[in-house]
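Scroll down for the structure; my scribbles are underneath it.
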Amino acid sequence: MIDRSAILETNEMIDKDNFDVRTITMGISLFDCIADSGAGTSERVYKKITESAKNLVSVGREIESEYGVPIVNKRISVTPVSLLGKTETDFMQIADALDKAAGDCGVNFIGGYTALVHKGATTSENAFLNTVPEALSVTERLCSSVNAASTRAGINMDAVKRMGEIIKKTADLTKDRDAIGCAKFVVFANAVEDNPFMAGAFNGVGEGDRVINVGVSGPGAVRRALERCGADADFGELSECIKKTAFKITRVGQLVARQAAERLNATMGIIDLSLAPTPAVGDSVAHILEVMGLSSVGAHGSTAALAMLNDAVKKGGLMAGVYVGGLSGAFIPVSEDAGMIEAVGRGSLSLEKLEAMTSVCSVGLDMIAIPGDTPEDIIEAIIADECAIGVVNNKTTAVRLIPVPGKTVGEKVEFGGLLGTAPVMAVNKFSPAGFINRGGRIPAPIISNRN
Amino acid sequence: MRAIVSVVGKDRMGIIAQVSGLLFSIDINVMDLSQSVMNDYFHMIMLVDMSNCARKFEDISAALAALGAEIGMSIKIQHEDIFNAMHKI
């Protein structure tokens, strides 16, 4: 029996509303690649990745063709690299091997150049952190992340203190490409082990050898569904409408994840229920909030609207997926969302409002260009604030800032592709130096004592 | 394996004949068909059985897309599971 309306609805979501599966990410454990030397480890790393993921792209295309739903990205995440070596030379050799392996597998990004230093950093991890700017500048596909805080450990302010230096140095080393290195570096609080989205994806230490994690998307489909609800629908109706759409989107993610895991001989990990925008027209999270009734995102009411959206996406998606994980929620990057870019341009969206919104979205301050002359301690203070939101609210938060050398407020940076266009946003210039330079760790909040 | 073939575009003579002719030539059986024309706009959905077809899915998809380009229609084929996943619990 043909259910005509169901078929039409699905195909409208795909053809008109930009509904797609955003990423199939293969998580690969590299623990069994550790050898006596950095060169030995790198050789094993290259071999294991290229063997494990050799069919990732072709299987992705096969599934895309069979189900008629676009699968935008096929990516790889690996064990945090800081755990695989000792010296800076070791880490740089592994960085090169990862980049080459990703290229040879045909994927555009590989994540996991990562350190988990939320409580403290070992000598090796400090050596690793020294290499991040150079590794990001000499590679094309490598993505890096640092977990600097957790609800259980508090905020490692010594680690946060290093992040400003890493971000500024990365910007400087990639200044000929508008500091694109910074678009591949993210600082987390409460990083998750099974996130399929870049730049923060890594295959956590609790993960298996080969895992498929799938990130779904579909802001355009949610927006269209809300438009159909009409201006008179109350919040209960809006929430129901989002839940139903999220359910349908996630079911496709579940189908794709199951198929991909089976065909790639991997374990099915999780579905990430995120609404991930792209710069394409009609694929914006900001526009969803505006359809809810805000004249421009960033207006007062934006945090409440985003909170409801985020919650309804999770409620709808949870029933549709067997294993739900990753970041799961609405992303609010600036450069990757046409509505956010417009809102910054018309003066309705500030960094401070975005910070408030990160307390109820799935991640944090994402893909935000700031003036190139922003001091390191201000960047570190922005990170500390974001970590505090994550730690106290027991959620993941993140910061991906791009201090663009030579650019200032009002100018724009074109990254192209999914990374989009970033308007340079103003930051509060009052110095936080006396606070940031104290050193040590902000203790874990009272909610961490749950045993 | 069962799939859904969707054909959309401006109405003209012989669409059903040409699409089903192509499917017949590659051993794909049409099990059900729903078609309508509104304001000169043709829309058809076919449920097909591919179990006797030896060709690769992407080749079939390309052949249908090529026929669509030739006759000025959009034609696509999708595994029926995507619709079942989204619309059935």
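The numbers here are math on the coordinates, done by the rules we state, and not lab data. Predicted model, so just to flag it, every value in this text is computed and none were measured. Note that we place each Cβ from the backbone using ideal geometry, even for glycine, and neighbour counts take in every protein chain shown.
Beyond 24 Å, what percent of the Cα pairs of the range A:323-433 remain? Walk me through the intermediate numbers first.
On the way: 1348 of 6105 pairs.
Result: 22 percent of Cα pairs exceed 24 Å.
Below 8 Å, C-alpha to C-alpha, sequence gap of six or more: please give me the relative contact order for the range A:29-189 in percent. Can you show the working numbers first?
Working: 274 pairs, mean separation 33.2, N = 161.
The normalised contact order for the range A:29-189 reaches 21 percent.
Of A:Ser5, A:Ser52, B:Ser74, how do they rank once you tally other Cβ atoms within 10 Å and put the fewest first? If you can, show how the numbers build up before the last one.
Working: A:Ser5 9, A:Ser52 23, B:Ser74 14.
Going from least to most buried by this count: A:Ser5, B:Ser74, A:Ser52.
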Open item on the list: Within a 10 angstrom radius of the beta carbon, how do A:Leu351, B:Leu64 rank from fewest other beta carbons to most?
Closed with: A:Leu351, B:Leu64
Open item on the list: From the C-alpha coordinates alone, can you work out the Kirkwood hydrodynamic radius of the protein assembly as shown, in Å?
Closed with: 24.2
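With an 8 Å Cα cut-off and a minimum separation of 6 or more residues, compute the relative contact order for chain A in percent.
Details: 1097 pairs, mean separation 78.8, N = 451.
Averaging sequence separation for qualifying contacts and normalising by length gives 17 percent for chain A.
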Task: Amide hydrogen neighbours beyond the local backbone of A:Phe415, cut-off 5 Å, H modeled - done: A:Gly420, A:Thr421, A:Ala422
Task: For q = 0.21, 0.26, 0.33 Å⁻¹, Debye-computed log10 I/I(0) when each Cα of the range B:1-40 counts as one equal scatterer - done: -0.74, -1.05, -1.37
- [ ] Show the residues, 5+ positions off or on another chain, whose built amide H is closer than 5 Å to the amide H of A:Leu142.
- [x] A:Ile110
- [ ] Would you calculate the separation in nanometres between label points at B:Glu58 and A:Asp104, each defined as 7 Å from the Cα along the Cα-to-beta-carbon direction?
- [x] 2.2
Task: Hydrodynamic radius of chain B per Kirkwood, over alpha carbon pairs, in Å - done: 13.3
TODO: Could you line up A:Cys241, A:Cys229 from fewest to most neighbouring Cβ atoms inside 10 Å?
DONE: A:Cys229, A:Cys241
TODO: Step through the residues of the range A:137-152 one at a time and calculate ³J(HN,Hα) from phi using the Karplus curve (6.51 cos²θ - 1.76 cosθ + 1.60, θ = phi - 60°), rounding each to whole Hz and writing x for Gly and Pro.
DONE: 7, 9, 10, 9, 10, 6, 10, 10, 8, 9, 9, 9, 7, 8, 4, 6
Open item on the list: Through the Karplus equation 6.51 cos²θ - 1.76 cosθ + 1.60, θ set to phi - 60°, convert the phi angles of the range A:200-212 into ³J(HN,Hα) values in whole Hz; use x for Gly and Pro.
Closed with: x, 6, 8, 8, x, 5, x, 8, x, 5, 8, 10, 9
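Can you tell me what share of the DSSP beta bridges in chain A is antiparallel? A percent to the nearest 5 is fine. It would help to have the intermediate numbers written out before the result.
Details: 18 of 50 bridges.
Among the beta bridges of chain A, antiparallel pairing accounts for roughly 35 percent.
Express as a percent, rounded to the nearest 5, the fraction of DSSP beta bridges in the range A:72-181 (both residues included) that run antiparallel.
Values: 2 of 10 bridges.
Beta bridges within the range A:72-181, antiparallel portion: roughly 20 percent.
Round to the nearest 0.05 the FRET efficiency obtained for A:Ile446 and A:Asp15 when R0 = 41 Å and r is the Cβ-Cβ distance. Display every interim value, and only then the final one.
On the way: r = 50 Å, r/R0 = 1.23.
Rounded to the nearest 0.05, the efficiency is 0.20.
Once you list every other residue whose beta carbon is under 10 Å from the beta carbon of A:Ile28, what net charge do they have if Lys and Arg are +1 and Asp and Glu are -1? Provide the component values of the computation, followed by the final result.
Working: positive: A:Lys48, A:Arg210; negative: A:Glu51, A:Glu207, A:Asp209.
Charge balance near A:Ile28 sits at -1.
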Task: Amide H partners (placed H, <5 Å) of B:Leu33, local residues excluded - done: B:Leu47
Open item on the list: Please list 3J(HN,Hα) in residue order for the range A:121-129, calculated via the Karplus relation 6.51 cos²θ - 1.76 cosθ + 1.60 where θ = phi - 60°; whole Hz, with x for glycine and proline.
Closed with: 10, 7, 4, 5, 5, 5, 4, 4, 4
Task: For the protein assembly as shown, with +1 on Lys and Arg beta carbons and -1 on Asp and Glu, the positive-most of A:Ile288, A:Pro70, B:Met31 along the dipole - done: A:Ile288
TODO: Would you kindly state the longest site-free stretch of chain A, with sites defined as trypsin sites (Lys or Arg not before Pro) in a DSSP loop (not H, G, I, E, B) surrounded by at most 13 other Cβ atoms within 10 Å?
DONE: A:17-345
Open item on the list: Helix-only mean residue ellipticity at 222 nm, chain A, DSSP H runs n ≥ 4 weighted -39,500 (n - 2.57), per residue, nearest 500. What is it?
Closed with: -13500 deg cm²/dmol
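Please report, in cubic angstrom per residue, the volume enclosed by the convex hull of the alpha-carbon atoms of the range A:212-438.
Numbers: hull volume 30.7 nm³, N = 227.
Enclosed volume per residue, from the Cα hull, is 135 Å³.
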